[in-house]
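Heads up, the thing below is written out as structure tokens.
The values are calculated or read from the model by the stated rules, or taken from the named source; none is laboratory data. These numbers come from a predicted model, not from an experiment. Every residue, glycine among them, receives a Cβ derived from its backbone with ideal geometry; neighbour counts consider all protein chains shown.
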Amino acid sequence: MRTEDKTRSEVLGARVASYLAAKKWEMAARGASHLVKTEPETFGWWINLAYAKRRCEGIESAEAILLRARELHHDNAMIEFNLACYASVAGRFEEAKERLKRALELDKHFEKLALDDEDLRPLWDWIVDLP
């Protein structure tokens, strides 16, 4: 593989996905961080970076990343969903509910995911009762 091919976003994105699957959080975070810097318009890079940072640094780090991502991608259901998860894990249940409501406004399909996500377990009864 040529050196310039190694830095193409498709190649680096595939590496990040492999690192995430292998639970190599720091390596995934390094690659995703580069992708966020070079292609901030791609929301998936932000999601991958937050996911990796959550595992190697904690919820606060991941949440800070997605709050920055939200400034660029303010109508993204996946970002809102993940922020709801982080708020729930941190015990901020009212905030988690508001963020989850926003995610569901943007994409109703997240309701099923919410009922399977352990981060949102404290809200499952509330989610089931949503109209």
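List pairs: first residue in the stretch 45-59 and closer than 13 Å to Cys85 by Cα, second residue among the acidic types (Asp, Glu) anywhere in the structure, Cβ distance under 8 angstrom, at least six positions apart or on different chains.
Listed pairs, sorted by first residue: Ala50/Glu63.
Can you tell me which residue is surrounded by the most Cβ atoms within 10 Å (Cβ to Cβ) among those in the stretch 94-123 that are acidic (Asp, Glu) and not in a helix (DSSP H, G or I)?
Looking at residues that are acidic (Asp, Glu) and not in a helix (DSSP H, G or I), I get Asp117.
Can you tell which of Gly58, Gly44 is surrounded by fewer than 19 Cβ atoms within 10 Å (Cβ to Cβ), under 22 Å from Phe110 (Cα atoms) and modelled with pLDDT of 95 or more?
The conditions single out Gly44.
Return a yes/no flag: does the stretch 72-93 have any residue that is assigned to a helix (DSSP H, G or I), free of Cβ contacts under 8 Å to residues at least 12 places away in the same chain and surrounded by fewer than 18 Cβ atoms within 10 Å (Cβ to Cβ).
No, the stretch 72-93 contains no residue that is assigned to a helix (DSSP H, G or I), free of Cβ contacts under 8 Å to residues at least 12 places away in the same chain and surrounded by fewer than 18 Cβ atoms within 10 Å (Cβ to Cβ).
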